[in-house]
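See below for the structure under consideration.
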Amino acid sequence: MSNNQDDQSNQNQQIGDLLQSLYEALLNSKIPEKVKGKIEEELNNLKSFTLDARPARIAIVGRRGAGKSSLINAIFSEKRAEIGDVKARTGMGKWHTYKSVSGNLEILDTRGLGEADQPEENISQDSAIEEVKASIKDKCPDAILFLAKAKEVSSRIDEDLEQLLELKNTIKTEHEYDVPVIGVVTQIDELSPIYINTPPFDDEEKQANIADSVEILSVKLRDTVSNPVTVIPVCCYLHFKDGKIVHDIRWNVDTLLDYLIEHLPNEAQVIMARLAKIRTVQKKVARRIGASVAGVTGLIGANPIPGSDLPIITGLQTVMVTTIALIGGKKIDKKGVIEFFSALGLNVAAGFALRQVARQLVKFIPVAGSVISGVVATAGTYALCEAAIAYFIEEKSTDSVRETYRKVFDKKKKEKEEVML
């Protein structure tokens, strides 16, 4: 077994032990059953983000030249797919697993719909649509990205949209899953005026043409495939030389990734956010998790049951911090966790275990008597979330992390107290 596999196994064991201890503490607690149900739901959510995490599965479909390969390269910031400028390149519709130290991503890169010539690669079916359907039976996509060139959204794409609907219905029949379809208008840099060809494309005429192309594709997708539908315009142009990026005019790819991640199953979100390597996307995912955990910890803290709430609250907070570290691409090892909590002023035991961290965190969160208040529990969770983002994603100094925790805690505590007055 490789060192990476050993690290992953140890990491999963740490998280699994902590989650199991939380399930047991919940079972034996005197917390009201209604509240227990909400806590268990949150534990299951955190488990899906961590222990059940898997690569996202994205089907990218569209006509030849729509920019499927360019989008793949733009997502990875690496040359992962060849770009066919003249002849159709992608042959048999098949899943490609793209691997990196941050995790994997599975992409169904298909033959262009409506192709007039044969692709360079081998094919297994008579038509592009049949190839894609064959691959979909093997694995269920989490989402479909339908790509259309900005200058061609007004052209005849009715056949493509009918085939897209057929794919969506096939997935529903085969996997009982109503797959989300996201429209993507590509190559917006080629819209008039051509001389405005670098981001942020803040020319009035250019922006009007971008908006028109989005509206046209939106109407066509709504009328044929699904309603409501979201269409996002992008520019994915990258030029590589000797494997390195020498020209980069990507635009709005982060917006697309953020929207895509939001619509992925929980188990696919963390790895996708980590792979994206875009901090704004990673922070949004982290804050969504933090807000969810804060709501539950506040609920627990509001129940006056001495001694029963603190281990569960701090356990949830510890799993939340662990999940944010995973989003940031950091290993949850003894050194990483000790350094983070040490930055906050918490002395973590040398015999490192996430369960012990959760127990020691009790001493760090301010309490009122033996029962932590809902206000303090919520404020403490938000503060830990922002501190973890600062440390694991933004990679700020320990002094800055400590200051982030203090400011967020004071702010959230004051906000909650004012609402209660």
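Estimated from helices alone, the mean residue ellipticity of the chain at 222 nm is -17500 deg cm²/dmol (sum of -39500 (n - 2.57) over DSSP H runs with n ≥ 4, per residue). Most simply put, the chain has about 40% antiparallel DSSP beta bridges, counting only bridges with both residues inside it. Sparsely packed loop sites in the range 169-217 (the chymotrypsin sites (Phe, Trp or Tyr not before Pro) outside DSSP H, G, I, E and B with at most 16 other Cβ atoms within 10 Å) comprise Tyr177, Tyr195.
Here the dipole of the range 29-80 is about 360 debye; that uses its Cα centre as origin and unit charges on the Cβ of Lys and Arg (positive) and Asp and Glu (negative).
So which of Lys99/Lys413; Lys168/Lys244; Lys149/Lys277; Lys34/Lys284; Lys206/Lys330 end up more than 32 Å apart by C-alpha?
Cα-Cα > 32 Å for Lys99/Lys413; Lys168/Lys244; Lys206/Lys330; rest within.
Taking 0.36 nm per residue of separation and subtracting the Cα-Cα distance, full extension of the segment from Glu395 to Ser342 would add 17.6 nm.
Rg over Rh for the range 187-322 works out to 1.15, using Cα positions for both radii and the Kirkwood form for Rh. Straight-line cross-link partners of Lys79 among the aspartates and glutamates, defined as a Cα under 16 Å from its Cα and at least 8 positions apart when in the same chain: Glu106, Asp109, Asp242, Asp248. Placing +1 on each Lys and Arg Cβ and -1 on each Asp and Glu Cβ, with no other charges, gives the chain a dipole about its Cα centre of roughly 1660 debye.
Roughly speaking, what % of Cα-Cα pairs in the chain are separated by over 36 Å, rounded to a whole number? Percentage above 36 Å: 36. If you take the Cα centroid of the range 44-79 and the Cα centroid of the range 160-213, the two points sit 16 Å apart. Cross-link pairs exceeding 27 Å in C-alpha to C-alpha distance, out of Lys133/Lys220; Lys172/Lys220; Lys30/Lys335; Lys47/Lys363; Lys133/Lys331; Lys363/Lys416, comprise Lys30/Lys335; Lys133/Lys331. Against the main long axis of the alpha-carbon atoms of the chain, helix 3-28 sits at an angle near 50°.
In the range 240-286, the C-alpha radius of gyration followed by the widest Cα-Cα span (Dmax) gives 12.5, 37 angstrom. Here the Gaussian network model covers the chain, with springs between Cα atoms less than 10 Å apart; of Glu42, Glu33, Glu267, Glu33 fluctuates the most. Rounded to the nearest 5, what % of the DSSP beta bridges within the range 179-262 are antiparallel ones? Counting DSSP beta bridges with both partners in the range 179-262, the antiparallel share is about 55 percent. Dividing the mean sequence gap of close Cα pairs (under 8 Å, 6+ apart) by how many residues the chain holds gives a relative contact order of 16 percent. Between the residues Pro265, Gln20, Gln356, the greatest Cα displacement towards the positive end of the dipole of the chain, with unit charges on the Cβ of Lys, Arg, Asp and Glu, is found for Gln356.
Read-outs: derived from the displayed coordinates by stated rules, not from any lab. Just so you know, these numbers come straight off a predicted model, no measurement behind them. We place every Cβ from the backbone using ideal geometry, glycine too, and count neighbours over all the protein chains shown.
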